[in-house]
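Just so it is clear, none of the values below were taken in a lab; they were calculated from the coordinates. Fair warning: this is a prediction, and the values are worked out from it, not measured in the lab. Every residue, glycine among them, receives a Cβ derived from its backbone with ideal geometry; neighbour counts consider all protein chains shown.
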Amino acid sequence: MSQGFAPSGHRTDGEAGFTLVELLVALALFSLLTGLLFDNVRFGLRAWRSTSVRTEQVERSMISQDLLRRTIGNLYPMMIANSGAQPQIDFEGTKEKISFLGNAPIALSAGGRFRFNILVERTQEHADLVMVSIPELAGRDDQSMTRRTLLLSGIDWVEFSYFGETATERKLQWNESWTKQSDAPRLVRLRVGFRSGDARLWPDLLVAPRILADVNCIYDPITMRCRGR
């Protein structure tokens, strides 16, 4: 009996391999699975980046609040006065800025006191909340020891307010400013607002200064400071 031959395009029972149609189907399925896998990976990367950014923003806010809480809480109530005026606390607070004396920043590992200014720096495109510190005894033109710390960037608005009794209103209440007062405010509140679409959160920061008045100060009208300081 003569050996039979399989028709063209078909394989015999003993052959191994794939037909062209099977290869095309396999490639199509592989491409589909690869596309699905790539979309899932890309979605995971976007979610990871979004979570990382969000976590970084939260950590930044917590670090800034902790720094402000320690710095404002440790303010030094220096008594000063202009000639012929009643002694006043060295603390100036407005709606967008506060200025006071406090302990030297820990990062400097130095003694003495520093002048701290916490304020809003505005440009045409955005506003930042910054803290500028300089040694109390530094010269006006000496900027070598000035430190600028960025607390929050890209904010919309900032609002400081002060709780206590003022010279004009002898009752406890919140005030938009605190200038030329005989005592430090009992509480300092900081509110921060962000632009529309910005998901960052900033809970109201309330800080109670540890020392409201320097009871050991013996005022010297000549130096306009506490004697021996």
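Count charges around Gly73 for me, please; just the other residues with Cβ under 11 Å from its Cβ, Lys/Arg as +1, Asp/Glu as -1.
Residues near Gly73 contribute +2 overall.
Please order Arg42, Arg200 by the number of other Cβ within 10 Å, starting at the fewest.
Arg42, Arg200
Taking a point 7 angstrom from the Cα of Leu201 along the C-beta vector, which residues in the stretch 63-78 have backbone N less than 12 Å away?
The answer is none, because no backbone nitrogen lies closer than 12 Å to the label point.
Do you know the relative contact order of the stretch 115-212, to the nearest whole percent, from alpha carbon pairs under 8 angstrom that are 6+ apart?
20
Students often check this: by mean Cβ neighbours within 10 Å, which of 88-94, 63-69 ranks highest, and how do the rest follow?
Numbers: 88-94: 19.9, 63-69: 16.0.
Final packing ranking: 88-94, 63-69.
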